[in-house]
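The values are calculated or read from the model by the stated rules, or taken from the named source; none is laboratory data. Computed from a predicted model, the values in this text were never measured in an experiment. Glycine also receives a Cβ, built like all others from the backbone with ideal geometry; neighbour counts cover every protein chain displayed.
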Amino acid sequence: MCVDAGADAIGLNFVPSSPRCLSLAVAQAIIAVLPSHVVSVGVFVDADYATLVQVKEQLGLACLQLHGDEPPELLERLLPHAYKALRVRGASVAQEASAYAGDYLLLDAYVPGVHGGSGARFDWSLATELATTRKLTLAGGLTPDNVAAAVATVKPFCVDVASGVERGAGRKDRALVEAFVRAAKGA
């Protein structure tokens, strides 16, 4: 459904505490039918190096999104096919980002005890400078109604959405997905 709507990438969530968590078998079935131009991204929180490499190779994931408290050294070992997701707590996010190597970076909203997919938004002005120096993925509270404004403000490399196109935790809504992709690509 997401590919049919025009999504350029699909996030496959391997975070056990998430309502979006997939088994390896389900992820493999999804990847098997993805067109070659659609990027498959494995989403992890605090997984160890061996697990990350094993899942990436087993499934043929294009890249890994590290969404926990992973140290810069772990990311460096996985480059260039991985990027760090940072939860924005304030203006210090630019300094925090400088600790992580690589061209790509994701910014999401900080919500205590939640590693992403919360639907919370952060002050987009905190992302504009990073978007000029990194291939920034903007996440956090994006919806079909605000993604065009977010893109116009931040000018990110791409956007990431989860709860903003769901009718229930982990349940994507076709109309919302289509509206989101239209608005994001039309911005």
Within region 66-101, count every residue that is touching a residue at least 24 places away in the same chain (Cβ under 8 Å), in a strand (DSSP E or B) and of a type in the set (A, V, I, L, M, F, W, C).
3
Considering only residues that are loosely packed, with under 14 Cβ neighbours inside 10 Å and hydrophobic (A, V, I, L, M, F, W, C), look in region 1-25 and name the one that is modelled with the lowest pLDDT.
Met1
Any residue in region 44-65 that's touching a residue at least 12 places away in the same chain (Cβ under 8 Å): show its pairings with residues that are among the charged types (D, E, K, R) and outside any helix (DSSP H, G or I) at Cβ separation under 8 Å, as long as the two are six or more apart or on different chains.
Asp46/Asp69; Asp46/Glu70
Quick check on my filter: what residues within region 116-141 are buried (at least 17 other Cβ atoms within 10 Å of the Cβ), in a loop (DSSP other than H, G, I, E, B) and hydrophobic (A, V, I, L, M, F, W, C)?
Phe122, Ala127, Ala139
Here are some conditions: (1) touching a residue at least 12 places away in the same chain (Cβ under 8 Å); (2) within 15 Å of the chain's Cα centre (by Cα). His37 meets all but one. Which one does it not meet?
(2)
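Has region 142-158 got at least one residue that is within 18 Å of His67 (Cβ to Cβ), aliphatic (A, V, I, L, M) and either outside any loop (DSSP other than H, G, I, E, B) or at pLDDT below 95 (or both)? Talk me through it step by step, then tell me what you get.
We begin by selecting, within region 142-158, every residue within 18 Å of His67 (Cβ to Cβ); these are 142, 156-158.
Okay, now just the ones that are also aliphatic (A, V, I, L, M), so 142.
If we keep only those that are either outside any loop (DSSP other than H, G, I, E, B) or at pLDDT below 95 (or both) too, we end up with none.
Among the residues of region 142-158, not one is within 18 Å of His67 (Cβ to Cβ), aliphatic (A, V, I, L, M) and either outside any loop (DSSP other than H, G, I, E, B) or at pLDDT below 95 (or both), which makes the answer no.
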Of everything in region 146-166 that's in contact with a Leu (Cβ under 8 Å, 6 or more places away or on another chain) and touching a residue at least 60 places away in the same chain (Cβ under 8 Å), which residue is surrounded by the fewest Cβ atoms within 10 Å (Cβ to Cβ)?
Cys158
Residues of region 42-65 being assigned to a helix (DSSP H, G or I) and either of a type in the set (D, E, K, R) or touching a His at 6+ places or on another chain (Cβ under 9 Å) (or both), which ones?
Lys56, Glu57
Conditions (1) surrounded by 15 or more Cβ atoms within 10 Å (Cβ to Cβ); (2) over 16 Å from His67 (Cβ atoms); (3) within 18 Å of the chain's Cα centre (by Cα); number of the one not met by Ala169
(1)
